[in-house]
Amino acid sequence: MIFANPWFLLGLFTVSIPVLLHLFGKHTKKVIPFSTLRFLRELSRKTSRKINLLQLLLLILRILILTFLILAVSKPVIKTSKFLFKSGGGTTSVVLILDNSFSMQYEVEKGRTAFGIAKEIAQNVILNLKSGDSASLILTNDTNSVNSGSPSYDLSAITENIKQANASNLVADMQKSVADALTSLEKSTEYNQEIYIVADTQKISFKNLLVDKLKLSKKRKITFFIVNVQPENAVNTAVLQVRPQNYACIAPGNISITVQVRNFSSIPQVKSISLFLDGEKKTSKFLNLGPMGTANEVINEKIIKSGVHSGYVELESDNLSVDDKRYFSFTAYSKIPVLIVKASGNSDYFYISSAIAPQKSESIFDVNTRDSSSVGLINNQDYKVVVLTDVTEGLNINNYVENGGGVLLIGEGVKNLAELNFTTRQVPSLNKYLIIDWVDYLSPIFEPFKLQGSGNLSYAKFYKIISSESTKLPSDIKILAKFNDDTPALCEKDMGKGKLIFFASRFTGEWSDFYLKPTFVPLINQIIFYLSVPSTKVENIAGSYIKKEQILVPGIHNVQGETIPVNVDAEESNLKTIEPDLLTNALPGFKVNFIADPSKLNEAVEKERIGISLEENFIYIALMLILLEIIVSNLLARKAKQNA
């Protein structure tokens, strides 16, 4: 026998109360002298024996009444076999975890999704509960606000919540859902405590649970039923990424859009992709995708008008359509306003200005040059990029950058970053000069230099550089290029919506000959253009907060005047299921039942839920004993009265 509320068994100590009352509650008889006692003594002995027997019976009844009442509130359950009883009689508390991540929108058969099947299974679980059982519902993404928290005895309300639940465009985090389920069962006193996970059992959904295993108190008996609703050998192809080059271009001009598509199945696929831009279909192409294969396609599109452009790439539809479309946006500029701030006697500005606007009318950059002494507050509306050439003080650039501006610091101008403690350093005569021997080709700045023969940055010689006295740069500073002594040559720092790049030398004969090399002009143009694009997150995932507003639906959204593309998380497109052994290891101490075939769920539950509750039986016995106690008590009272 097992007790759901074992602490109530301490109440069994109260059975000593009737015993103590019996032993110390007897009245002492008063002796009255009488002449002839022989016949009365014989009668008294017979009556006393009857009264003693009745008192003993009354004591036993009262002990049994207290015992059965205490056992009843302790909720006794006996484990038995399903062969002896048709079904389990112990009360049950159930928590249903319903996976409503976007992969559950997979169409298993025409008009029937994995989520629809999951809802049917969940309703069937509730239907098989009986009066006195409790249940609660947890959606992995509660976008409908139907999660019920603690188990409820109102099973019809739980069923209604299941019916109202919808699939979301978000990903599932099973670790959080399982933790919520365990919390929900903390106060449950039912003998059978069960957690059902009805899902497509994607491995990606359980990744956090696999890393951080949940701790289980061995005093709690909880059984897991993990029901897989994903069909065997599910096929899915998804658009993983759509990236316009630099997320910006010049209008009129061209932009290259890189599209990445992946086949997540073991079956080869031939799929068409279509590009839609500003509401119009522009082009279509066919892709050959091998088993678990990835294809990258570059689409070039002509842009006529300046401004913000948006669109999407759509894949030929399959069983999971939500990841067949991916949205993007970019900005097309007619002219990019640039301010070059020069220090007195500085000549660097001339080479920079000549590099980006040799003929002002034909350049994409609208360049303004001013002395540092005449520059006041720099307005983001006036300039996209500011170049500080050897300007060391007098300008506060933080607000400008944080509001979306781009700043290039050159030479002594790097000292505006006081926290890095930069100093000027002459290259030792032994080395004569330094060269750039490492660049981060993943940065868009170095896009023109990737191909062999497109320019070698190591040809430039640097005789004097600016270097930090700090042994290690802060984590928010990214090194884009290094000199051959491992000193940073070009670095980037994100600040709010904008970014800042600093070049650790100058463009004069005393410092370097870089301004004379053929790589100088394209590199400076690339840096200025890159800085003109704000460093705000260009792709947001559904469910993320943008300017304090949560976006749940993929698409092109206008948030406070800003065009924001929102997409589903590409990780969820991988339908690979988790291995049952991994799940068992991720839930140590729990009894885990992995149900690959949902039709076998009821059978699995019946095997686990084998308890017969004795609570009602003990209450009935206690009531009958109370009735008997009343009868015996009345009989004893009459006998005592007659004896008196």
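Among the conditions (1) open to solvent by less than 30 Å² (accessible area, probe 1.4 Å); (2) modelled with pLDDT of 70 or more, the only one that THR67 does not satisfy is (1). It is to be established whether one or more residues within the range 243-251 are in contact with a Lys or Arg (Cβ under 8 Å, 6 or more places away or on another chain) and under 28 Å from VAL308 (Cβ atoms). Within the range 243-251, one or more residues are in contact with a Lys or Arg (Cβ under 8 Å, 6 or more places away or on another chain) and under 28 Å from VAL308 (Cβ atoms).
Among strands (runs of 3 or more DSSP E) entirely within the range 467-526, having at least 1 residues that are acidic (Asp, Glu) and over 16 Å from LEU434 (Cβ atoms) singles out 488-495. The strands (runs of 3 or more DSSP E) falling completely within the range 313-408 that include 3 or more residues that are under 30 Å from ASN263 (Cα atoms) map to 325-333. Does TYR441 qualify as being under 33 Å from the mean Cα position of the chain (by Cα), open to solvent by 70 Å² or more (accessible area, probe 1.4 Å) and among the hydroxyl-bearing types (Ser, Thr, Tyr)? Here the answer is yes, as TYR441 does meet what is asked. Taken together, the residues in the range 90-129 that are without any contact (Cβ under 8 Å) to a residue 24 or more places away in the chain and of a type in the set (Lys, Arg) amount to 2. Within the range 105-114, at least one residue is assigned to a helix (DSSP H, G or I), crowded, with 19+ Cβ neighbours inside 10 Å, modelled with pLDDT of 85 or more and not β-branched (Val, Ile, Thr). Within the range 353-386, restricting attention to residues that are in contact with a helix residue (DSSP H, G or I) (Cβ under 7 Å, 6 or more places away or on another chain) and more than 17 Å from TYR333 (Cβ to Cβ), the residue that is most open to solvent (accessible area, probe 1.4 Å) is THR369.
Checking each residue in the range 94-153 for being charged (D, E, K, R) and within 20 Å of ALA179 (Cβ to Cβ) picks out ASP99, ASP142.
When residues in the range 466-486 are screened for being farther than 19 Å from ILE527 by Cβ and β-branched (Val, Ile, Thr), 1 of them pass.
Check the range 412-428 and report whether any residue there is at pLDDT 85 or above, surrounded by 19 or more Cβ atoms within 10 Å (Cβ to Cβ) and not in a loop (DSSP other than H, G, I, E, B). For the range 412-428, residues at pLDDT 85 or above, surrounded by 19 or more Cβ atoms within 10 Å (Cβ to Cβ) and not in a loop (DSSP other than H, G, I, E, B): absent. The set of residues in the range 130-145 that are within 17 Å of GLN164 (Cβ to Cβ) and in contact (Cβ under 8 Å) with a residue 40 or more places away in the chain comprises ALA135, SER136, LEU137, ILE138, LEU139, THR140, ASN141, THR143. Taking the range 151-169 as the range and being closer than 22 Å to VAL605 by Cβ and touching a residue at least 24 places away in the same chain (Cβ under 8 Å) as the test, the residues that pass are PRO151, LEU155, ILE158, THR159, ASN161, ILE162, LYS163, ALA165.
Every test in (1) closer than 30 Å to ILE356 by Cβ; (2) of a type in the set (Gly, Ala, Ser); (3) part of a loop (DSSP other than H, G, I, E, B); (4) out of contact with any helix residue (DSSP H, G or I) (no Cβ under 9 Å at 6 or more places or on another chain) is passed by SER310 save one, and that test is (3). Evaluating ILE117 against the criteria (1) under 26 Å from PRO554 (Cβ atoms); (2) in contact with a Leu (Cβ under 9 Å, 6 or more places away or on another chain); (3) of a type in the set (A, V, I, L, M, F, W, C); (4) at pLDDT 95 or above leaves one unmet condition, (2). Just one of the listed residues (TYR196, TYR153) is more than 15 Å from SER101 (Cβ to Cβ), at pLDDT 90 or above and open to solvent by 40 Å² or more (accessible area, probe 1.4 Å), and it is TYR153. Here LYS176 does not qualify as within 14 Å of LEU583 (Cα to Cα) and open to solvent by 20 Å² or more (accessible area, probe 1.4 Å). State which residue is modelled with the lowest pLDDT when the search covers only the range 201-222 and only residues that are open to solvent by less than 50 Å² (accessible area, probe 1.4 Å) and more than 17 Å from the chain's Cα centre (by Cα). Taking the candidates together, the pick is LEU216.
Out of all the residues in the range 311-332, is one or more open to solvent by 70 Å² or more (accessible area, probe 1.4 Å) and among the hydrophobic types (A, V, I, L, M, F, W, C)? No, the range 311-332 contains no residue that is open to solvent by 70 Å² or more (accessible area, probe 1.4 Å) and among the hydrophobic types (A, V, I, L, M, F, W, C). Checking each residue in the range 284-310 for being without any contact (Cβ under 8 Å) to a residue 40 or more places away in the chain and under 19 Å from LEU240 (Cβ atoms) picks out SER284, LYS285, PHE286, LEU287, ASN288, GLY290, PRO291, MET292, GLY293, ALA295, ASN296, GLU297.
The values are calculated or read from the model by the stated rules, or taken from the named source; none is laboratory data. No experiment lies behind these values; they were computed from the predicted model shown. Note that we place each Cβ from the backbone using ideal geometry, even for glycine, and neighbour counts take in every protein chain shown. Each accessible area value is taken on the protein alone, full model and side chains, heavy atoms only, with ligands, DNA and RNA left out. Shrake-Rupley method; radii C 1.70, N 1.55, O 1.52, S 1.80 Å.
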